[in-house]
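These notes are about the structure you will find just below.
The values are calculated or read from the model by the stated rules, or taken from the named source; none is laboratory data. Every value quoted in this text rests on a predicted model; they were computed, and no experiment measured them. Cβ coordinates were reconstructed from backbone atoms using ideal geometry, including for glycine residues, and neighbour counts include every protein chain displayed. Just the protein is used for accessible areas: all its heavy atoms, side chains included, with ligands, DNA and RNA removed. Shrake-Rupley method; radii C 1.70, N 1.55, O 1.52, S 1.80 Å.
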Amino acid sequence: MWFIQQFLLAFLFFLFFCKYLKMRWKARSLPPGPSPFPFIGNLWTMRFNMHPETFIKLTKLYGNMYTVWIGETPLIVLHGYKAVKNAIVSHSEELSGRPVTSFMADVTHRKGIVGSNGHRWRQQRRFGLMTLRNLGLGKRGLESRIQKEAQSLVEILAAQNGKPMDVSNFIIHSVANVICAVVFGHRFPIDDPSFQKLVSINQQMIEGFASKFGILYDAFPWLMKCLPGSHQEMFKNRDYIYNFVRNEIRIHQQNESPEEPNDLIHHYLAQIAKTSGDPNSTFDISNLLQVSMEFFTAGTETTATTLQWAIMLMLAYPDIQDSQWYTLLMMPRKNMYSSGWQVQLQVASPRLPPSQHYTQYSPQRWNPNSPSFPTRPNYPTVQLTAWIHKWGMHILPNLDSVLHDPMCWEKPDKFNPEHFLDKAGNFTSNEAFLPFSAGHRVCLGEQLARFELVIFFITLMRAFRFQLPKGVTEVNTKYIAKLTLQPQPFKVCVMQR
């Protein structure tokens with residue numbers, strides 16, 4: 001017995017030592033980074049998370065390009081605007097792919113847009129962009145839907161009569177209804193139990209992908225499939241959303257198709273029929289389920305979170321809503337939503353910054369929704385600085401570091417709308433503003449998100465002034481790191497103007 005125990009210990013030591021040597025040998029051609037442990041890589045060093053603070057600490061030690069190991073997979077992290085631009089902009093074509101992690105692959109079945117690559121990804125993404133354009137993105141059609149939902153939110157908040165409340169759920173449900181109109185062709189009453197559960201399940205999905213169990217699943221898929229944990233709930237939640245979408249598809253199929261499809265499902269069903277004889281087509285019900293879920297999940301979370309940050313920042317910086325919005329509030333309502341309304345804002349007062357500074361640019365720069373954009377495969381032809389990475393290496397452009405790069409922003413760690421103003425007070429862009437990423441994998445819903453943010457926030461600011469509850473003097477602006485960076489729970493008094 002003693003001999004067997006010693007033999008097993010010696011064998012395990014030998015196995016760990018061989019793994020360690022193999023990883024160190026592989027690391028010779030990679031950027032520097034913390035020494036990985038066999039099997040778990042740097043997960044212990046990173047405390048099983050990928051939060052901005054973790055990357056900041058590693059950057060101080062290893063520079064703007066370094067390697068961390070997720071299990072036995074090396075991940076090359078790019079920090080700062082220069083390093084990220086060199087990858088996702090200068091090598092956009094080569095880095096258009098995305099590594100499908102074990103967790104993502106099992107949840108998405110490698111269907112849809114987010115969890116796919118190659119031919120399927122190109123077809124599904126092209127269809128998504130085309131559908132948004134056909135539904136009126138950038139035109140009056142979809143814009144009017146957003147306006148109605150924003151006005152509905154105003155009525156809900158006004159009914160609270162200025163009492164302290166948490167506005168997050170109201171915002172999330174209102175933004176979710178915009179996506180429901182896009183995907184399903186109709187909205188749901190806010191108090192609809194099935195709609196409320198759909199939104200709740202969606203929030204759980206967002207949290208699940210960023211959980212420690214999700215990271216462990218990617219490192220040890222063979223083990224985590226057998227172990228209990230929150231990662232197992234992800235599959236139940238996915239099936240719930242799939243079943244919800246299936247029911248909507250069934251309703252669409254039972255009803256007569258309109259001459260002009262008015263939602264994503266109608267467009268997709270028409271595309272399935274159109275390409276039924278094409279052997280290269282990837283359009284089928286399984287991809288429709290996944291694309292619908294992705295539209296709903298991504299389209300709800302990021303926009304709702306940004307709006308919550310914008311309101312919190314109005315509480316933290318009351319001088320902005322007190323001094324900068326006077327001219328906007330006095331504008332005729334008919335001008336606010338016209339095709340040239342952004343230009344009219346600037347004409348109305350040269351000193352009035354366009355609303356993008358508060359809704360799109362400043363809150364997103366200060367706390368971006370996706371601080372670490374999903375990793376991408378690094379193909380053999382790509383050379384980043386002095387390293388030539390081999391097939392299978394993954395890179396992670398750290399978007400949070402771009403939006404807080406001291407070389408690009410005067411006050412990188414402060415909420416400062418003047419980052420987007422020139423000396424004359426006019427709007428000026430900054431090439432380091434990449435909250436939606438860049439290149440071939442830029443966010444598909446970027447334009448829709450921009451429209452929603454502007455319309456929702458201007459509508460709210462015209463109707464209300466946001467105040468701290470009586471007795472509250474400070475706002476906690478530290479974020480909660482999940483898949484997105486979310487604000488701390490806060491209460492606000494919504495006072496009608």
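For the stretch 184-303, averaging the sequence separation of C-alpha pairs within contact (under 8 Å, six or more residues apart) and dividing by the residue count gives a relative contact order of 28 percent.
With all protein chains kept in place, the per residue accessible area of the stretch 160-221 amounts to 37 square angstrom at a probe of 1.4 angstrom. The H on the amide N of L396, modeled in the peptide plane, is under 5 Å from the matching H of I76, V77, L78, each at least 5 residues off or on a different chain.
Each other residue within a Cβ distance under 15 Å of R250 adds +1 if Lys or Arg and -1 if Asp or Glu, for a net charge of -2.
Ligands, DNA and RNA left out, the accessible area of the stretch 400-485 computed with a 1.4 Å probe is 50% carbon and sulfur.
Of the trypsin sites (Lys or Arg not before Pro) found in the stretch 185-253, those in coil by DSSP whose Cβ has at most 16 other Cβ atoms within 10 Å are K225. Using label points projected 7 Å from each Cα along Cα→Cβ, tell me how many nm separate R126 and V472, to one decimal. Result: 5.0 nm between the two label points. Among the trypsin sites (Lys or Arg not before Pro) found in the stretch 419-481, those both in a DSSP coil and sparsely packed, with 15 or fewer other Cβ atoms within 10 Å of their Cβ, are K423, K470, K478. For a bin width of 10 Å, list the pair-distance distribution of the stretch 1-88 built from all Cα-Cα distances, rounded to whole %. Taking every Cα pair in the stretch 1-88, the percentages come to 17, 40, 25, 11, 6, 2.
Across the accessible surface of the stretch 104-219, with the other protein chains kept in place and a 1.4 Å probe, carbon and sulfur atoms take up 52 percent. Shape call for the stretch 434-497 from the C-alpha gyration tensor, a ≥ b ≥ c root eigenvalues: rounded (a/c under 1.5), prolate (a/b greater than b/c) or oblate? Note, shape of the stretch 434-497 comes out oblate. Potential lengthening of the chain between D278 and D413 amounts to 43.4 nm, from the contour at 0.36 nm per residue minus the alpha-carbon distance.
Taking a ≥ b ≥ c as the square roots of the eigenvalues of the Cα gyration tensor, the stretch 142-301 is classed as oblate, since a/c reaches at least 1.5 and a/b does not exceed b/c. Label sites at L12 and E259, each approximated as a point 7 angstrom past Cα along Cα to Cβ, lie 7.4 nm apart. The trypsin sites (Lys or Arg not before Pro) of the stretch 27-64 that DSSP puts in a loop, and whose beta carbon has at most 12 other beta carbons within 10 Å, are R28, R47. Of the listed residues L403, L21, the order by accessible area with a 1.4 Å probe, largest first, is L21, L403.
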